[in-house]
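These notes concern the structure reproduced below.
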Amino acid sequence: MARRKKIYEGKAKILYEGPEPGTIVQYFKDDATAFNAEKKDVIDGKGVLNNRLSEFFMNGLAQIGVPTHFIRRLNMREQLVRSCEIVPLEVIVRNYAAGSMSKRLGIAEGTQLPRPIVEYCYKDDALGDPLVTEEHIAAFGWASQQDMEDILSLALRVNDFMSGVMLAVGIRLVDFKIEIGRVYDGDYQRLIIADEISPDSCRLWDIETGQKLDKDVFRRDLGSLTDAYSEVARRLGVLPKSNVTKPTLIN
Ligand code: 5GP
């Protein structure tokens, strides 16, 4: 069997050249990292769950007209996505204070924000993805003014969609991170949602109990990450109800 060409290996995913030009196969690993890879582990089944959950969210976004890189899921751990140029920003949307915002501004975790707040971090592992302003983004040419308007609108649409979907299953969307891709259609460029949307990149709290159902379970040693992600998947109907801890999905 011919070996596939690896394009890039990140902390949680591997990208391979896709079967058709302009496509990429995105493989979800079981590796979990936190604090800029200072904390590492392999979490059985995480990749399978994130592949499924990201498919679910990206399909939902497409249904409401938000463009994404997702084409189709290929198997348990892989999905076919559209190749794009990644804008070197992490776009974070916050509904409640938590994590780095709580630390930076001294606001108690869980405090509801007056409105969703969008932040930008420069994607650079060596620098620890520092927070940047729109001045930095414009001056260094990471995105144009028009791009920034489009990114803000995409981020808020993703927030509205994700908040609603989560609320319907008793989960509060505290915050999340997305990445944006640039694609070219002839002479025109468009921005689309890229990378993944999963509990690795969101904060998800049970509305009743406040239980954390996201990567903070790993970051803060709060129990089984697979149990937390499986709970999210089960509530969304992404996993069969009986399958709680060990995903054994075929296709
Ligand atoms: P914070 O800035 O509070 O650490 O993170 C805000 C939100 O963005 C959280 O939901 C967090 O999971 C997500 N996030 C921030 N940076 C990263 C990152 O480098 N990788 C992933 N997967 N998520 C991130």
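The values are calculated or read from the model by the stated rules, or taken from the named source; none is laboratory data. Since we're looking at a predicted model, the values are computed, not measured. For neighbour counting, all protein chains shown are included, and Cβ atoms are generated from backbone atoms with ideal geometry for every residue, glycine included. SASA here: full protein model, heavy atoms, side chains in, ligands and nucleic acids out. Shrake-Rupley method; radii C 1.70, N 1.55, O 1.52, S 1.80 Å.
Restricting to the range 57-71, give me the number of residues that are part of a helix (DSSP H, G or I) and over 21 Å from GLY18 (Cβ atoms).
2
I'm trying to understand the selection: among the residues of the range 189-202, which are within 16 Å of the ligand (Cβ to nearest atom) and under 30 Å from SER144 (Cβ atoms)? So that I can check it myself, show each step before the final result.
Going through the range 189-202, the residues within 16 Å of the ligand (Cβ to nearest atom) turn out to be 193-202.
Hits for the range 189-202 are ILE193, ALA194, ASP195, GLU196, ILE197, SER198, ASP200, SER201, CYS202.
Kindly establish whether ASP185 is acidic (Asp, Glu) and touching a residue at least 60 places away in the same chain (Cβ under 8 Å).
When the stated conditions are applied, ASP185 does not pass them.
Would you confirm whether any residue within the range 72-94 is away from the ligand (no atom under 16 Å from the Cβ), among the aliphatic types (A, V, I, L, M) and in a strand (DSSP E or B)?
Looking through the range 72-94, at least one residue is away from the ligand (no atom under 16 Å from the Cβ), among the aliphatic types (A, V, I, L, M) and in a strand (DSSP E or B).
For (1) over 16 Å from TYR96 (Cβ atoms); (2) in contact with a Leu (Cβ under 7 Å, 6 or more places away or on another chain); (3) within 15 Å of the ligand (Cβ to nearest atom); (4) among the acidic types (Asp, Glu), each residue gets a yes or a no:
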{"position": "GLU135", "(1), (2), (3), (4)": "yes, no, no, yes"}
{"position": "ALA138", "(1), (2), (3), (4)": "yes, no, no, no"}
{"position": "TRP142", "(1), (2), (3), (4)": "yes, yes, no, no"}
{"position": "ILE180", "(1), (2), (3), (4)": "yes, yes, yes, no"}
{"position": "GLY186", "(1), (2), (3), (4)": "yes, no, no, no"}
{"position": "LEU225", "(1), (2), (3), (4)": "yes, no, yes, no"}
{"position": "TYR229", "(1), (2), (3), (4)": "yes, yes, yes, no"}
{"position": "LEU236", "(1), (2), (3), (4)": "yes, no, no, no"}
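Considering each residue of the range 3-26, count those that are touching a Leu at 6+ places or on another chain (Cβ under 8 Å) and within 16 Å of the ligand (Cβ to nearest atom), and give that number.
3
Taking only the range 119-133 into account, find how many residues are outside any loop (DSSP other than H, G, I, E, B) and open to solvent by less than 40 Å² (accessible area, probe 1.4 Å).
Qualifying residue count for the region: 4.
Only one of (1) surrounded by fewer than 13 Cβ atoms within 10 Å (Cβ to Cβ); (2) in contact with a strand residue (DSSP E or B) (Cβ under 8 Å, 6 or more places away or on another chain); (3) without any contact (Cβ under 8 Å) to a residue 40 or more places away in the chain fails for GLY22. Which number is that?
(3)
Taking the stated definitions as given, is VAL66 touching a residue at least 60 places away in the same chain (Cβ under 8 Å) and either within 16 Å of the ligand (Cβ to nearest atom) or surrounded by fewer than 17 Cβ atoms within 10 Å (Cβ to Cβ) (or both)?
So VAL66 fails the test.
Could you list all residues from the range 34-46 that are outside any strand (DSSP E or B) and either surrounded by fewer than 23 Cβ atoms within 10 Å (Cβ to Cβ) or more than 15 Å from the chain's Cα centre (by Cα) (or both)?
PHE35, ASN36, ALA37, GLU38, ILE43, ASP44, GLY45
Which residues, taken from the range 134-163, are touching a residue at least 24 places away in the same chain (Cβ under 8 Å), open to solvent by less than 50 Å² (accessible area, probe 1.4 Å) and within 21 Å of ILE197 (Cβ to Cβ)?
Once the filter is applied, which keeps residues that are touching a residue at least 24 places away in the same chain (Cβ under 8 Å), open to solvent by less than 50 Å² (accessible area, probe 1.4 Å) and within 21 Å of ILE197 (Cβ to Cβ), the range 134-163 yields ALA143, ASP147, ILE151, LEU154, ALA155, VAL158, ASN159, PHE161, MET162, SER163.
Quickly run through the range 69-99 and pick out the residues that are open to solvent by 60 Å² or more (accessible area, probe 1.4 Å) and without any contact (Cβ under 8 Å) to a residue 40 or more places away in the chain.
The one that is open to solvent by 60 Å² or more (accessible area, probe 1.4 Å) and without any contact (Cβ under 8 Å) to a residue 40 or more places away in the chain: ARG72.
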